[in-house]
1. Taking the Cα centre as origin and putting +1 on Lys and Arg beta-carbons and -1 on Asp and Glu beta-carbons, what dipole magnitude results for region 48-109, to the nearest 20 debye?
2. Once you list every other residue whose beta carbon is under 10 Å from the beta carbon of Asp54, what net charge do they have if Lys and Arg are +1 and Asp and Glu are -1?
3. Rounded to the nearest whole Å³, what is the per residue volume of the convex hull around the Cα atoms of the chain?
4. Apply the Karplus parameterisation 6.51 cos²θ - 1.76 cosθ + 1.60, with θ equal to phi minus 60°, to every residue of region 80-90 and state each ³J(HN,Hα) to the nearest whole Hz, in sequence, with x for glycine and proline.
5. Tell me which chymotrypsin sites (Phe, Trp or Tyr not before Pro) from region 1-89 have a DSSP coil assignment and no more than 16 other beta carbons within 10 Å of their own.
6. Taking all protein chains as present, what is the carbon and sulfur share of the accessible area of the chain, in % to the nearest whole number, probe 1.4 Å?
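The values are calculated or read from the model by the stated rules, or taken from the named source; none is laboratory data. Since this is a predicted model, take the numbers as computed values, not measurements. Note that each Cβ is placed from the backbone with ideal geometry, even for glycine, and that neighbours are counted across all protein chains shown. Ligands, DNA and RNA are excluded from the accessible area calculation, which covers all protein heavy atoms including side chains. Shrake-Rupley method; radii C 1.70, N 1.55, O 1.52, S 1.80 Å.
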Amino acid sequence: MAMSSILNADDIKKALDAFKAADSFDHKKFFEMVGLKAKSADDVKKAFLVLDADNSGFIEEEELKFVLKGFAADGRDLSDKETKAFLQAADKDGDGKIGVEEFAALVHE
């Protein structure tokens with residue numbers, strides 16, 4: 001499943017353009033801009049499954065670096081600093097990865 005089947009392609013493009021510069025990524029603003037924050041729990045879970053590239057049931061730090069590519073192929077890689085900040089914001093149980101419930105909580109915070 002592609003992210004564009006869950007979200008509006010124009011919204012995805014605008015959000016990616018807004019965070020083109022390195023170290024500019026803000027997950028709260030990004031999820032709002034792409035329209036994910038307003039989506040149902042089911043759609044947020046579908047988005048999680050797209051981002052969980054290895055189908056482990058978790059988004060690990062290595063997958064987080066490429067999270068913008070999950071929204072569009074031309075999305076940039078997150079910097080190490082952005083990746084760590086994103087993981088820290090989402091990983092409530094401290095296991096070093098993001099589960100589907102943690103992802104949903106992060107999207108809707």
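1. Working: 7 positive and 16 negative charges, 47 e Å.
Dipole about the Cα centre, nearest 20: 220 debye.
2. That works out to -4.
3. It is 87 Å³ per residue.
4. 4, 4, 5, 4, 5, 5, 5, 4, 4, 5, 9
5. For chymotrypsin sites (Phe, Trp or Tyr not before Pro) across region 1-89 that sit outside H, G, I, E and B with at most 16 neighbouring Cβ atoms in 10 Å, the list reads Phe66.
6. Its accessible area is 53 percent carbon and sulfur atoms.
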